[in-house]
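The values are calculated or read from the model by the stated rules, or taken from the named source; none is laboratory data. Quick caveat, the model's predicted, so the values are computed rather than measured. Because the Cβ atoms are built from the backbone with ideal geometry, glycine has one as well, and the counts that use them run over all protein chains shown. In case anyone asks, the SASA skips ligands and DNA or RNA and just uses the protein heavy atoms, side chains included. Shrake-Rupley method; radii C 1.70, N 1.55, O 1.52, S 1.80 Å.
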Amino acid sequence: MRRLFALVCVLGALGLVGFPAFASPERAAEHRRRAAEFVRAEKLQEAAIELRNAVQLEPRNPEGYRALAEVYLRLGDAQGAFRQYQEVVSLDPDDADARVKVATFYLLGRRFQEAETHAAKAVELAPDRTDARVVLARALSAREEWKGAIGALEAAVERAPDDEALRLELARLHLGAGDPDRAEAALRRGLRDIPPAKGLRAALANLLASREKVSEADALMDEVLHLSPGDPAARRAVALYRLRRGDRAGAEALLQESVAEADAGSTARTQALGDLANLFSVTGDIERARNTLEELQRVAPGDAVTLARLANIHLLTDEPDRAEPLIRQLAEAHPGDRNARLLQARLDLARGRTAAAREALEELVETAPDSANANLFLGKAYAVERQWEKARAAYRKVLEEVPDHFFANLDLAKVYLEMGRARDAQDPLRRVLKARPDHPEARRLQADALLATGKAAEAEAEYRKLAKEAGAPGDALLEMRLGQALEAQGHTADALARYRASQELAPRVLDPVLRRMALLQRLGRHDEVGAIGEAYLQANGEVPAVLNVLALHAVERKELPAAEGFVRRSLAVDPKSAATRELEARTLLAKGDRAGARASLEAALAADPARVTSLLLLANVLEAEGKADNARRVYERLLAVDPENAVAANNLAVLYTGDEKRHAEALRLARLAVEKAPDNPFTLDTLGWVQFHTMDYPGAVRNLEKAHQLLPEHPEIAYHLGMAYEKAGRRDDAKRLLRAALAAPKKGDWAFDAGQALERLEKAGP
C-alpha cells in the first residue's frame, strides 16, 4: 500500500494524474485563462471543459466555480449554473453575489423559503445591493408575506430612487396585498420623482382605468404617446391599454402605424407584427392572426416565437397536419423548450391522444401554475374527458390572469352549459360577445343558455337568425336546437320537423334521433317510436342508447319480453353500462322482482357510483322492502353527490322524522325540498309533518293545508292535517279530516294511529 501511495505521489508531481493535494495553482490559472479566451471566441463548451479542469485542480477556489456557473448560464444549463453557485456559497458563505444568484434559482424553482433565507443573508452582507432586496421581496410575496415584501422593496427604492422598474414592482406588491390605494400612491410618487417615466404612466393609467377613473387614465396614455411620438414601445403600451379598454380599432390602428413606419426586418417591425397577431388571436380574429404570422415568418424565418405562434393558429383552426412540422422544427431547434412541449400536448389533443395530452399539460401546470396557455388546454383535455369540475377550475385559473381571454371565456361557457349551470354561462358569454358580437358559436351558446333558462322564444329567434345566416344546406346541430326551442314552447309538430331535418343532415348523429323518439313517445305515437329506432339500428348497428330507449318504451307499454330483449342486446354491446343496468332494474321491477332489480342497481352503481337516478331508484326499492336504515344510507350517499336533490331531501326527511335526535336535520331537508319544489303537495306534506313532530303546530297546519288543497283526495295528507288540527285545538276539523282519511279505499300503516286519534276525539266530545 505504501508503494502504491508513493507511486501516485510521483505521478501526481509529474502531472500525469490529478491529485489535488499537490496541484499547481499556476496550472489552474492557465485553465482559467484559456477558458476566458474561449468565452471571448464564443466557444462555450470548450470554456466549460477548461473551467472544469480548473476546479478539479483547485477545488477550494470559489472563483473557478463562479466562472463555470457563468458559462453554464450562457449555455442555457440552469441546473449546472445553480450547482456551481451553491459551491461558491459553501466555500465562501459571505459572498453576497453568489447568495443572490442561489436565491434567484430557488425562487425560479418555487422553493420560496430557501430563496428567502439566501436573499436575507445577502441583504445582511451587502445592505446597499438592491437586487438582493428585490429577490427577498419576491420570495416573501410568493408566500403572501406582504408586509415584509413591501418593506424590502421600499428599502430597495430608497437606495435606487431613479429605478423605474423598482417603482413598478412596488406598485404590483401593493396590488398583490389587496391595497390599490397604496399601489396608486406608489405610482404617483414614482412619477413625481421620475417625471419622464413612460412605464409608470402606463401602469398608473391601467390601474386608474380598472378603478373607473377613465378620463385621467386616458390623459396619462396620451402623455405616453406625446413624450415619445415615434417610439414603438410607447405605441405598443398605448395599444395594449386601448385593447383592455375595449377599443380594439384604436389598438389595431396604433400597431399598424408601427408596422408601416418600421424598417423591413427590424426588431420594431417584428415586435409590432407579433403584437398585431396577438391582438387578432385574443379577439378571435383567427384568419387575420394567421396572415400576420405568415408575414412575420417571412420577415424572421426560423424565429422560435413565430413558429410557436403559427403552430398555435393551425391548431386553433383544426389543421394539425400544418402544425406538426412547425412543432417538430421548434422541438429540434430548442430541445426541452416549454413552448414546444405545450404545443406537442395540444397536437396530441387534436389527434385524439387525450390521456397523453392531459398528463403533459398537468406536468406543465405543476411547474408553472400561473401559465394561462397550459391551463387553457388542460381545461380542454378535462372537457374531452368530461371532467367538468376540473375543466371549470382550469378555465377559471386562466381568467384570473387574463379576465377577457376570448377562448377561455368561450370554453368556460360551454362547460357551464354541460354542467347544467346556464346562468353561470352568461357572464363569460357576455365577455366573448363584447369582443366579437357576430361570433356564430358564441351566439349559438348564448341561445343555448336562453333555452336552458326557460327563455325558449328568445332562443328560437336567435337560432332562426343563425340558420338564415348559415343558409343551405343547413346545420344539423342548429336544426336540433331549434327543435328543442319549439318543443319547449309546445310546438310539437314543428319540433318534430326540425328533429327530422337534423337527422337527415347528419344521419349517424344520435341526439336528434333520441329527441325525436322521446317526443313521439310523449305524444303517444308508439309505432313511430319503434320504427325510427329500428331504422337507426339497421343503418348503424347495435347502438346501446337507442336500444335503451326502445327498452324503456316497451316497459312503459308493459311489453316486458320485448324490453328484456332490448336490454340483453344493449348489454351485449356494453356489459358495464350503468344506464343499461338501471334500465334492467326497471324491467325487473315491472315484473315484481325487487331482489333482481336491487342487484342490477348495485351493478349500475359499481360502474358509476355517483349516478343519481340509480341511487334514487335503489333507495325506493329498499324502502319498499322495508329496509329503512339501508334506504336512509343510500339517500345520504345521494345527497353527498347532489346536495340539492329535492326528492332525496324530502324522502330522507321522512325517514329522519321518527328519530328525535335528527329532527333538526329533518327540518332542514324538508325546507330544502319545499324551496326546490314549492308547489309540490308531497314536499309540503313532509315539511308540515316534520313541523308537527317538532311541535311547530301553526307551521304544520299552514303547510299541510296547502298540501291538502293541492291534493284533496290523498288520505295520508288528510291524516297528517287532521293530527295537526287536533294539536292546534281545531277538533271538529280534525275529526272531519280523519274520517275522510279512514274512508279511503287504500290505507297505509298510518291507519291504526288515525283510528285511535279519531276515537280519542269522539270520546272527548264536542
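For mean projected area of the Cα convex hull in nm², the listed values are (1) 51.0; (2) 38.4; (3) 71.4; which was obtained by calculation from the structure presented?
(1)
With 26 Å as the cut-off, how large is the P(r) tail for region 107-257, expressed as percent of Cα-Cα pairs?
Distances greater than 26 Å cover 35 percent of the Cα pairs.
If you average the C-alpha positions of region 548-588 and of region 111-143 separately, how far apart do those two centres end up, in angstrom?
For region 548-588 versus region 111-143, the Cα centre distance is 68 Å.
Lysines within cross-link reach of residue 147: Cα-Cα under 20 Å, excluding same-chain residues under 8 positions apart?
121
Hey, how many Å between the Cα centroid of region 291-317 and the Cα centroid of region 458-533?
Region 291-317 and region 458-533 have Cα centres spaced 42 Å from each other.
Name the residue from 617, 606, 540 whose Cα lies farthest towards the positive end of the charge dipole of region 532-620, charges +1 on Cβ of Lys and Arg and -1 on Cβ of Asp and Glu.
With unit charges placed on the Cβ atoms, the residue in question is 617.
Quickly rank 692-703, 308-319 as a protection proxy: mean count of other C-beta atoms within 10 Å, highest first.
Numbers: 692-703: 18.0, 308-319: 19.7.
Top of the packing list down: 308-319, 692-703.
How many percent of the alpha carbon pairs in region 213-297 exceed a separation of 19 Å?
36 percent
Compute, for the chain, the length of the dipole vector about the Cα centre, with Cβ point charges of +1 (Lys, Arg) and -1 (Asp, Glu) only. Units Debye, rounded to 20. Write down the numbers at each step before the final one.
Numbers: 112 positive and 119 negative charges, 247 e Å.
Computed about the Cα centre, the dipole is about 1180 debye.
Mind putting a number on the dipole of region 324-372 about its Cα centre? Charges go on the C-beta only, +1 for Lys and Arg and -1 for Asp and Glu, and I need it in Debye to the nearest 20.
I would put it at about 220 debye.
Per DSSP H run of n ≥ 4, the term is -39500 (n - 2.57); total these for the chain, divide by its residue number, and report the mean residue ellipticity at 222 nm rounded to 500 deg cm²/dmol.
Details: 44 runs with 599 residues, N = 766.
Per the formula, -25000 deg cm²/dmol.
Order these peptides, 585-594, 742-751, by their mean beta-carbon neighbour count within 10 angstrom, highest first.
585-594, 742-751
Around residue 133, what is the net charge, scoring Lys/Arg as +1 and Asp/Glu as -1 over all other residues with Cβ under 13 Å from its Cβ?
Value of the local net charge: -3.
Filter the GluC sites (Glu not before Pro) in region 509-548 to those in DSSP coil with at most 16 other Cβ atoms within 10 Å of their Cβ, and list the result. Display every interim value, and only then the final one.
Working: sites: 528, 534, 542; in loops: 542.
Answer by residue number: 542.
In region 553-658, what is the volume of the convex hull around the alpha carbon atoms, normalised per residue and reported in Å³? Show your work: numbers first, answer last.
Details: hull volume 10.3 nm³, N = 106.
It comes to 97 Å³ per residue, whole-number rounded.
Evaluate the Debye formula for region 625-702 with equal point scatterers sitting on the alpha carbons, no solvent, and hand back log10 of I(q)/I(0) at q = 0.19, 0.21, 0.24 Å⁻¹, in q order, two decimals.
Summing over Cα pairs of region 625-702 leads to -0.72, -0.87, -1.09.
Which shape class applies to region 428-486: rounded if a/c is under 1.5, otherwise prolate when a/b exceeds b/c and oblate if not, where a ≥ b ≥ c are the square roots of the Cα gyration tensor eigenvalues?
Oblate shape, in that a/c is at least 1.5 and b/c is the bigger or equal ratio.
For region 266-385, build the charge dipole from Cβ charges (+1 Lys, Arg; -1 Asp, Glu) around the Cα centre, then report which of 283, 361, 379 sits farthest towards its positive end.
283
Quick one: which of 380/434; 213/468; 661/727; 414/627; 591/706 span more than 32 angstrom between C-alpha atoms?
Too far apart for the 32 Å limit: 213/468; 414/627; 591/706.
Which value, in debye to the nearest 20, describes the size of the charge dipole of region 22-118 about its Cα centre when Lys and Arg Cβ atoms bear +1, Asp and Glu Cβ atoms bear -1, and nothing else is charged?
240 debye
Mind giving me the FRET efficiency for residue 125 and residue 328? R0 is 60 Å, r the Cβ-Cβ distance, nearest 0.05 is fine.
Using R0 = 60 Å, I get an efficiency of 0.80.
Ordered by residue, what ³J(HN,Hα) values in Hz, to whole numbers, does region 625-631 give under the Karplus form 6.51 cos²θ - 1.76 cosθ + 1.60, where θ = phi - 60° and Gly and Pro are x?
Taking θ as phi minus 60°, the curve returns 7, x, 9, 4, 5, 5, 4 Hz for region 625-631.
Which loop GluC sites (Glu not before Pro) in region 140-241, with loop taken from DSSP, have no more than 14 other Cβ atoms within 10 angstrom of their Cβ?
Counting only loop positions with at most 14 other Cβ atoms within 10 Å, the GluC sites (Glu not before Pro) in region 140-241 are 144, 212.
How much accessible surface area, in Å² rounded to 10, belongs to the heavy atoms of residue 92 with a 1.4 Å probe?
Solvent-accessible area, nearest 10 Å²: 60 Å².
Once you order the gyration tensor axes a ≥ b ≥ c over the Cα atoms, which shape class does region 455-520 get: rounded for a/c under 1.5, otherwise prolate or oblate by comparing a/b with b/c? All intermediate terms of the calculation are to be shown ahead of the outcome.
Details: a/c = 2.15, a/b = 1.06, b/c = 2.03.
Here region 455-520 falls in the oblate category.
Where Lys and Arg each count +1 and Asp and Glu each count -1, what net charge lies around residue 238 among other residues with Cβ under 13 Å from its Cβ?
Here the charged neighbours net out to -1.
Please give me the summed charge of the neighbours of residue 677: other residues whose Cβ is under 13 Å from its Cβ, Lys and Arg +1, Asp and Glu -1.
-1
For region 493-581, just say rounded, prolate or oblate: build the C-alpha gyration tensor, square-root its eigenvalues into a ≥ b ≥ c, call rounded for a/c under 1.5, and beyond that prolate if a/b exceeds b/c, oblate if not.
The shape class here is oblate.
What do you get for chymotrypsin sites (Phe, Trp or Tyr not before Pro) in region 372-472 restricted to DSSP loop and a cutoff of at most 13 other Cβ within 10 Å of the site's Cβ? Can you show the working numbers first?
Details: sites: 377, 382, 388, 395, 406, 407, 416, 463; in loops: none.
Nothing satisfies the criteria.
For region 652-666, just list the computed ³J(HN,Hα) in residue order, Karplus coefficients 6.51, -1.76 and 1.60, θ = phi - 60°, integers in Hz, with x standing in for Gly and Pro.
5, 4, 4, 5, 6, 4, x, 10, 4, 5, 9, 5, 4, 5, 4
Enumerate the calculated ³J(HN,Hα) couplings along region 477-492 in order (Karplus 6.51 cos²θ - 1.76 cosθ + 1.60, θ = phi - 60°), each rounded to whole Hz, writing x wherever the residue is Gly or Pro.
5, 5, 4, 5, 4, 4, x, 4, 5, 5, 4, 4, 8, x, 8, 5
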